[in-house]
1. Could I have the simple spin-label model distance between A:L193 and B:V241, label points 7 Å from Cα toward Cβ, reported in nm to one decimal?
2. Just to be sure I understand the model, the point goes 7 Å from the Cα along the line to the Cβ. What's the resulting A:E122 to A:A201 distance in nm?
3. Straight-line reach from A:K15: which lysines fall under 21 Å, measuring Cα to Cα and dropping same-chain residues less than 8 apart?
4. Please give the Cα centre distance for region B:74-99 versus region B:148-176, rounded to the nearest Å.
5. Only Cα pairs under 8 Å and at least 6 apart count here; give the relative contact order of chain B as a rounded whole percent.
6. Answer with one residue from B:N191, B:S60, A:I82: the one whose Cα lies farthest towards the positive end of the charge dipole of the protein assembly as shown, charges on Cβ with Lys, Arg +1 and Asp, Glu -1.
7. First measure r as the distance between the Cβ atoms of B:D135 and B:S205, then evaluate 1/(1 + (r/R0)^6) with R0 = 22 Å and state the FRET efficiency to the nearest 0.05.
8. Magnitude of the Cβ-charge dipole of the protein assembly as shown, K/R +1 and D/E -1, about the Cα centre, nearest 20 debye?
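Each value in this text was obtained by applying a stated rule to the coordinates, not by laboratory testing. Please read all numbers here as calculations on a predicted model, not as lab measurements. Glycine gets a Cβ as well: all are built from the backbone with ideal geometry, and neighbour counts include every protein chain shown.
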Amino acid sequence: MSDVINANPTILDDKSLPTRAEETEKVTERSLNPHLASLLDLSLVDSSNLNDQESIHSTPSLENDEGSDEEEEADPIDSQEIFDLVAHISDPEHPLTLGQLAVVNLPDIQVRDSGNKNEMAEVIIRITPTITHCSLATLIGLGIRVRLERCLPVRYRITILLKEGSHQSENQVNKQLNDKERVAAACENDQLLSVISKMLATCK
Amino acid sequence: MSIDIELVKSIKAHGDKVWSVAAHKKLPLLATVSTDKICKIFDLQSLEQIAELDDTHKRSIRSVAWKPTGDDPSLACGSFDSTISVWGEDYDEWSLLAVIEGHENEVKGVSWSKDGYFLASCSRDKSIWIWEADDANEEFECISVLQEHSQDVKHVIWHPYEDLLASSSYDDTIRLWKEDDDDWTCVAQLNGHQGTVWASDFEKSEDSIRLVSGSDDCTVKVWKRVSSEDEESFRGDSTEVWELEATLPEVHTRAVYSVSWSEQSGRIASIGSDGKLVIYEEVKNEDSESQWKIIAKRELSHGVFEANSVQWTKSFIDGSVENLITGGDDGHVNIWGIPLR
């Protein structure tokens, strides 16, 4: 990563990025964003469900009502929250975030959620690499996937795609980013994980 | 038309994703493997755990397969750490018999041939290795390395009555392999899936040679061997003609990760990322044309988690049902009862 692949990317001002925090004008410091905090809490709740023998099985409709946080669906996750989760991931080669580089953009995030916490939901993110031959597109996509898998409730299926026409190896990268087995194997690679940890260190 | 799928037992078997489940062909034994690097063995009569095989693999165990032969049960595990471990039971004790090295990176699938003579393994390194096994499971000699797939090989499975191997790949194809004059050759390539082929399974029949496959394209397809031109093998170009027989009714909305063809009922089961467990049955219409119909469907078979593996087995508890075993990202192994007709 010593050779910078795109030396002069277009940079957006961090303050001009869309965010729930500014929209509501209630939260001055984004680290205190209540939505984010609740998201992180929820991911903990869900992982404790994972360790609980009976909570998920047999009759999910009843058991989950008792077992999990009632507030989960009181405030459904929308594309703005997904954006806030991934916009502050650092680019692997620039001291800038994916939001500043317009790699992730609010209109390119879709959330499909019935609102029922006993059903699966889906997030689709289309990312725009800074240049069409960006060799780090896979790494960026993987960073976004790891971030969302750690933060979102387990019922979310995550699809990460390169925006149409944004990359010369679009199909190959898409296939790799959404191959569960390859992603699982990649996440067992310590070296790769430490690069991703650095990218995620700037997340708030 | 439709029948019930009853959850017999849900076992919290692993601390992480269950990647694969395998029921022994004859004995009441179930093996399960996981990201937690452990292979567990359960008794299918008591549904209790009887052994835990660990401290061997350094990364996720992706696949597990029982050797169909031998006085004592034995099995092989394929791991992301690029090795295969072989385990056997002797006087109620399970022990590690061999660790097989050779693949460059993640081993994704393992399968034993009908008589336990061959072990096949496949990997992200795009190759399939055929190993010759000895009776004691201590010596494994690689007799062929098959490299025709252009991408990761996700899964391998042997035919239950013939030395015919099917491999599924990230290159969207299935290939069939046979021994030809001491060498193994690709006798057919099945094109038709529009995405990674995750797994396949043969029909358990001696005369009708068919294969079911599940893919990232969300479909389940049945393929049929229409001719096997063994007479051409003296030219070293033995081929088989396979055709797509049917695409089963499309209900999966995400990748299909595993398929299984029942020996007992001839039914097919599929499972995948959408968590749906689907059972199909072949029925003849008035013109005696065969058609596959969905006879049962269970949404959220592993809660809101993805399901990775499904396999049919006869029930060792209740003769009026057959069982499906499934494994999911929730670490659970579920045992389902499906009534026989």
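1. In this crude label model, A:L193 to B:V241 measures out at 5.3 nm.
2. Placing both labels 7 Å beyond Cα along the Cβ direction yields 3.7 nm.
3. A:K15 reaches A:K26, A:K204.
4. 23 Å
5. Contact order relative to length: 14 percent.
6. Checking the options against the dipole of the protein assembly as shown, the answer is A:I82.
7. With a Förster radius of 22 Å, E is 0.20.
8. About 1340 debye.
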